[in-house]
Amino acid sequence: MPILLLFLFLLFLQPSSAQSTYNIQFPQQNRDQICQRCTQAFARKPNEVKFSIQVDDNNTIYFEVTDKNWFNEVFKNSGDGLALDLVSKERYGCLEILLDVGQIRGELLPPVYAQELRKTLRPYGKDRFRARLGKVPAAYQGKQIEFNMLFLKDKNLCRYQTIYNLAAYRWDLLDMGMYLDSVTYLPKTIARADEEAYTMRYKTLTFTIPFEKNKSTYSPEDIKPMYDSLRLTDFNITRINIRGYSSVEGNLERNLELQQGRAKSIVDALQSFQQPAIVTEVSSAENWVEFLTDIEGGSFEYLKDLSKNAVKGKLTGETAAELEPLLSRHRKAVVKLDLERKDPYKDQSVEDLVGMFNNALNENSLSEAERLQQSIFEKLKNKEADPSTLNQMRIPQQVEYLAFLNRRSGMRYLLDERYLLIAFNELEALEKLAPDDKRVKYNLAALRLKLWRYSVQPVDESKLRSDIAQLNNFGIDPGLVERMLVNFNIVKSEFLMRKRDYQGKDKAVDYIYSHYQKVPLTDVEYLSLSQYLAYYANTDKAVQVIQDRVKRIDVDEDLLFYYLNLTLVDKELTGEDSYRTIMLNAINLNKERYCELFNAPADGGVTFQLLENDYLRDTYCENCVSE
């Protein structure tokens, strides 16, 4: 179920004279006194308490809330109730829009009062409750509709609330990996090639190739210097993702066609250097992001206020020539390569490799045994064998074979989290062999943290935190230690949340927010961390965590759209010039997905009532509505 975040929208709306008010009073004077109980109830509501409107398959409308006690406080007396303002997307259009300021936006539905609300309140799912509000009128069934809420005290409107849908992504702990010869992560998206302390078996490299004007192809000779500089002789490229960008002047279709050709020629050139086929993903767009950023503060800044078509009309003749030094920087490809180390034993069966590994250990050929163990791991990662294969590796339980034992236990966990306890017990035995080995210490701390999170076995919270902090004394990179401490507080906040210890949970969240910048993160992890903060009702912090990342042209698509989900309801922010740049970046990445943000929550959008905002409506109409 998507998470619904609620924002106060308007307080003093009046109904149109043409529709019934159902005896609801709309106080203008003495409102503070009349609505005191309502105001206090919302002031006392913990941020973690969520409420929303839901409609089932039978068109029955429900008020849904996560805290029964707060529900009873809001709807306490007989005159306390809830009415709905039913709004249809038909209200909004690009040629005209029916915005009657000061009126209820749609059709006011009959209020439901406390006695009936409490009577129909029932548990629904996990930690949720539902009270019945009525049926969707027949005239609106099958249409895009939304419901704004009118909270009533003694039949007086005291709060008018609009719901915004915040799409939910999976979030998890920051990836800690396992310390094998270095810290190793199986998910390729976690790899960072520019940090030696985080050497990966799998690597992802990101770089930029500039495009020359009117040049549409690249040959192997063009790409060879770049290929050599990346030192790819020990690796094969398994996947290429290319985002090609053209400068914004000229015909859109021609620009995109040119970029597709350029990107394909890069793939073909790279493929010529290796035999294994490369999986490719190619996309193309005009580089409005950097164009709008680069003209800021200069003599061409006025172009930022024009539509895209109007800008193209200006970028001809002398203007285009004058801007060419700037435009030339915008023609490029952002290339991401997923790499896999070349395996000299690739054609050997797993059974043969295990036998060769055991023989190499018997003969004390440790370097050969290490290469064979890595090859076995590669086949396990590629699911060419079952993780039980690890049990066939006969490694003596002696300190001189500690590295082999540690790698086997770490890989056992990386391949399948269900082996968590087995791997942990193996590492505890290794710690007795080598009490000061940093790899074993790191892995034990990481797995103990997982045991605590999943409540697999009792864990001393204070000792665990101390063990993590002491990793600094064993030569573990401080960034890795800080990453683990952030995770410690994520787990701690989960337990405190379950106890409804909101104050303690907030302290844990404050630690996370004040320390995450000390940890190098991928876009995937920024998204996970932002989602975590929003989940625990820290929306402002969730925005702050990712706001700088979304201004980059190579930003992850999910991260960018999550930022838009969080911020589209902020009128002040969306009015800034920089916000248009971010929106155009989203349109370049996935225009259809951007346009869907302006659907009703039930249809995957944030809310179509965002179209009340002139700026957002102009952008929507320019990019999402066919003429």
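Couple of notes before you dig in:
- Matching entry among Glu281, Glu253 (being closer than 19 Å to Leu205 by Cα and surrounded by fewer than 16 Cβ atoms within 10 Å (Cβ to Cβ)): Glu281
- Looking at Glu351, Glu384, Glu370, just one residue is in contact with a helix residue (DSSP H, G or I) (Cβ under 9 Å, 6 or more places away or on another chain) and surrounded by 14 or more Cβ atoms within 10 Å (Cβ to Cβ), and that residue is Glu370.
- Residue count for segment 78-115, restricted to those that are surrounded by fewer than 16 Cβ atoms within 10 Å (Cβ to Cβ) and modelled with pLDDT of 85 or more: 5
- Condition check for Tyr620: touching a helix residue (DSSP H, G or I) at 6+ places or on another chain (Cβ under 9 Å), at pLDDT 85 or above and within 28 Å of Thr208 (Cα to Cα): no
- Those residues of segment 229-250 which are buried (at least 20 other Cβ atoms within 10 Å of the Cβ) and farther than 30 Å from Asn623 by Cβ, in sequence order: Ile237
- Residue ID - nearest to Asn309 (Cα to Cα), chosen from residues in segment 251-267 that are without any contact (Cβ under 8 Å) to a residue 24 or more places away in the chain and assigned to a helix (DSSP H, G or I): Glu253
- For first residues located in segment 125-137 and of a type in the set (Val, Ile, Thr), partners that are surrounded by 15 or more Cβ atoms within 10 Å (Cβ to Cβ) and assigned to a strand (DSSP E or B) and lie 6+ apart or on another chain with Cβ distances below 8 Å form the pairs Val136/Val55; Val136/Ile61; Val136/Leu86; Val136/Ile145.
- Some residue of segment 394-403 being hydroxyl-bearing (Ser, Thr, Tyr) and either touching an Asp or Glu at 6+ places or on another chain (Cβ under 8 Å) or free of Cβ contacts under 8 Å to residues at least 12 places away in the same chain (or both): no
- Hits in segment 472-493 (condition: closer than 19 Å to Ile512 by Cβ and either hydrophobic (A, V, I, L, M, F, W, C) or assigned by TED's automatic domain parsing to the domain that holds Val183 (or both)): Leu480, Val481, Met484, Leu485, Val486, Phe488, Ile490, Val491
- All told, Gln348 meets the bar of being out of contact with any Cys (no Cβ under 8 Å at 6 or more places or on another chain) and farther than 23 Å from Ile422 by Cα.
- Hey, Phe424 in a helix (DSSP H, G or I) and under 30 Å from Asp234 (Cβ atoms) or not: no
- Residues in segment 129-178 that are assigned to a strand (DSSP E or B) and within 26 Å of the chain's Cα centre (by Cα) were compared, and the one that is modelled with the highest pLDDT is Glu146.
- Here Leu315, Leu270 are screened, and the one residue that is of a type outside the set (S, T, N, Q) and within 32 Å of the chain's Cα centre (by Cα) is Leu270.
- Helices (runs of 4 or more DSSP H) fully within segment 517-627 counting 1 or more residues that are among the polar types (S, T, N, Q): 523-535, 539-546, 557-567, 571-574, 577-589, 614-624
- Among the residues examined, Leu405 does not qualify as farther than 29 Å from Asn473 by Cβ and either in a helix (DSSP H, G or I) or aliphatic (A, V, I, L, M) (or both).
- Total residues in segment 457-493, condition aliphatic (A, V, I, L, M), surrounded by fewer than 19 Cβ atoms within 10 Å (Cβ to Cβ) and out of contact with any Lys or Arg (no Cβ under 8 Å at 6 or more places or on another chain): 1
- Criterion: among the aliphatic types (A, V, I, L, M) and outside any helix (DSSP H, G or I) - qualifying residue of Ala385, Ala360: Ala385
- Pick from segment 570-627, criterion among the charged types (D, E, K, R) and within 25 Å of His330 (Cβ to Cβ), ranking: surrounded by the fewest Cβ atoms within 10 Å (Cβ to Cβ): Glu592
The values are calculated or read from the model by the stated rules, or taken from the named source; none is laboratory data. Everything numeric here is computed off the predicted structure, so don't read it as measured data. Cβ: placed from backbone, ideal geometry, glycine included. Neighbour counts: every protein chain shown.
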